[in-house]
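*Asks:* I have a structure here, written as structure tokens, and I will follow up with some questions on it.
The values are calculated or read from the model by the stated rules, or taken from the named source; none is laboratory data. Because the structure is predicted, anything quoted here is derived from the model rather than measured. Using ideal geometry, Cβ is built from the backbone for each residue, glycine included, and neighbour counts are taken over all protein chains shown.
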Amino acid sequence: MMKEEELLKSHISKHNLKVTKERSLVLRVFLDSEPHITAEELYRKMKNDGSSIGLATIYRTLNLFCESGLAEQRQFGDGQARYELVYNVKHHDHLICKQCSRIIEFENQEIEALQEKVAKKNNFKIFSHKLELYGICGNCSEKNDQ
């Protein structure tokens, strides 16, 4: 958590903003939450823990996390903006169930190597990428077969 706080403080000071109790609390709860959380889910979690921080503050703070390189906003096709910690997190890709909205993270070195091969063949330099595969998870598939 310390490195994340330092990164956020650095970004905040560069932009002449203030480190507030609210931003620090949102960061702490965000880091302790499940990956791929929505602002509304974070708001409900904090409210259940007795926080009076408003939803607009949470949105602004999550956007600040994205600007500082701590998090990324992701869209997984369900109309919800989700936030994922990316600072000090190993690259991974996603499988998204279109039935239950479950998000499964995975790593596959063969896919990574193939992407590099395709880029090299096309004289292309990759800076970043996102692989999202949409389908039906095993649990939903079993329910559909019953």
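*Asks:* Exactly one of these conditions fails for Gln80: (1) at pLDDT below 90; (2) exposed (fewer than 13 other Cβ atoms within 10 Å of the Cβ); (3) more than 28 Å from Glu6 (Cβ to Cβ). Give me its number.
*Replies:* (2)
*Asks:* Another question about this same structure. Of everything in segment 78-112, what is of a type in the set (Asp, Glu) and either touching a strand residue (DSSP E or B) at 6+ places or on another chain (Cβ under 6 Å) or in contact (Cβ under 8 Å) with a residue 40 or more places away in the chain (or both)? Give them in sequence order.
*Replies:* Let us first name the residues in segment 78-112 that are of a type in the set (Asp, Glu), namely 78, 84, 93, 105, 107, 110, 112.
Glu84, Asp93, Glu105, listed by residue number.
*Asks:* What pairs can you find where one residue is in segment 124-146 and within 24 Å of Glu72 (Cα to Cα), the other is among the aromatic types (Phe, Trp, Tyr) and assigned to a loop (DSSP other than H, G, I, E, B), and their Cβ atoms are less than 7 Å apart, with a gap of 6+ or different chains?
*Replies:* Glu132/Phe76
*Asks:* Please return the ranges of strands (runs of 3 or more DSSP E) entirely within segment 83-146 where 1 or more residues are at pLDDT 90 or above and among the aromatic types (Phe, Trp, Tyr).
*Replies:* Per the criteria, 103-106, 132-135.
*Asks:* Glu72 versus (1) under 12 Å from the mean Cα position of the chain (by Cα); (2) touching a residue at least 12 places away in the same chain (Cβ under 8 Å); (3) loosely packed, with under 15 Cβ neighbours inside 10 Å: which is the lone unmet condition?
*Replies:* (3)
*Asks:* Could you pull out the residue among Glu72, Glu34 that is at pLDDT 90 or above and at negative phi?
*Replies:* The conditions single out Glu72.
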